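Taking it in order: structure first as structure tokens, then the write-up.
The values are calculated or read from the model by the stated rules, or taken from the named source; none is laboratory data. Only a predicted model underlies this, so the values are computations on that prediction, with no experimental measurement involved. When we count neighbours, we look across all protein chains shown, and the Cβ atoms used for this are built from the backbone with ideal geometry, even at glycine. The area values use the complete protein model at the heavy-atom level, side chains included, leaving out ligands, DNA and RNA. Shrake-Rupley method; radii C 1.70, N 1.55, O 1.52, S 1.80 Å.
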Amino acid sequence: MFFYSTEVLEHFKNPKNVGTIPDANGIGVIGDPDCGDSLQLYIKVENDRLVDVKYLIKGCPAAIAVASALSVLVKGKTLFEAQEITDDDVVKALGGLPEIKLHCSNLGANALYLAIKDYFDRKGRTIKIKG
Ligand code: FES
């Protein structure tokens, strides 16, 4: 038996920034092969800043809360600041996750790194991403 924090339950019941960005200039898609959950993260970058972040997710309550919290954390940040966001930052923003659900946090930051890489790829620039 495990319990979710108030923050996880709030993000799960009222997820923020759900949807797509039709003119996104970076998209990160990632799945967890063990559980089959997946996350598509859309970013709109202007002047090196993430002016919009949205996502579509198929996942457990923890994964939904992770995607929602991540979107809130990174929206408005510069690309440099966004690249510094880690799984731990997202877990902290959620007031923690039960040990058995910690792996669900991997989807969030990794999708973000892939979206940022996609942004740079579209510009013909190569960057090394975390993950
Ligand atoms: Fe798949 Fe949570 S069980 S991400």
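Between R122 and T6, how high is the FRET efficiency from 1/(1 + (r/R0)^6) when r is the Cβ-Cβ distance and R₀ = 25 Å? Nearest 0.05.
FRET efficiency, R122 to T6: 0.05.
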How many percent of all Cα-Cα pairs in region 6-71 sit more than 13 Å apart? 61 percent
In order over region 36-47: 3J(HN,Hα) from phi, Karplus 6.51/-1.76/1.60, θ = phi - 60°, whole Hz, x for each Gly or Pro, gives x, 6, 8, 9, 10, 10, 10, 10, 10, 10, 9, 6
So, over other residues within a Cβ distance under 12 Å of V91, counting Lys, Arg +1 and Asp, Glu -1, the net charge is -3
Using Cα-Cα distances under 8 Å and only pairs 6 or more residues apart, what relative contact order does the chain have, in percent? 29 percent
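Using DSSP, restrict attention to beta bridges with both residues in the chain and report what percent are antiparallel, rounded to the nearest 5.
Looking only at bridges with both residues in the chain, the antiparallel portion is about 95 percent.
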Magnitude of the charge dipole, region 11-131, Cβ model with Lys/Arg +1 and Asp/Glu -1, debye to 20: 280 debye
Counting only protein heavy atoms and rolling a 1.4 Å probe, one gets per residue an accessible area for region 1-121 in Å² of 48 Å²
Near G31, within a Cβ-to-Cβ distance under 15 Å, what is the net charge of the other residues, with Lys and Arg +1 and Asp and Glu -1? -2
Is the chain rounded, prolate or oblate when judged by the Cα gyration tensor, a ≥ b ≥ c being the square roots of its eigenvalues, rounded requiring a/c under 1.5 and prolate requiring a/b larger than b/c? prolate
Most mobile of G36, G108, G19 per a Gaussian network model of the chain (Cα springs, under 10 Å)? G36
Gaussian network model of the chain, springs between alpha carbon atoms under 10 Å - residue of D87, D52, D34 with greatest fluctuation: D34
Where does the longest stretch of the chain lie that holds no trypsin sites (Lys or Arg not before Pro) found in a DSSP loop with 13 or fewer other Cβ atoms within 10 Å? 1-122
Descending accessible area (1.4 Å probe), largest on the left, turns I85, I27 into I27, I85
Whole-percent carbon and sulfur share, accessible surface of the chain, 1.4 Å: 53 percent
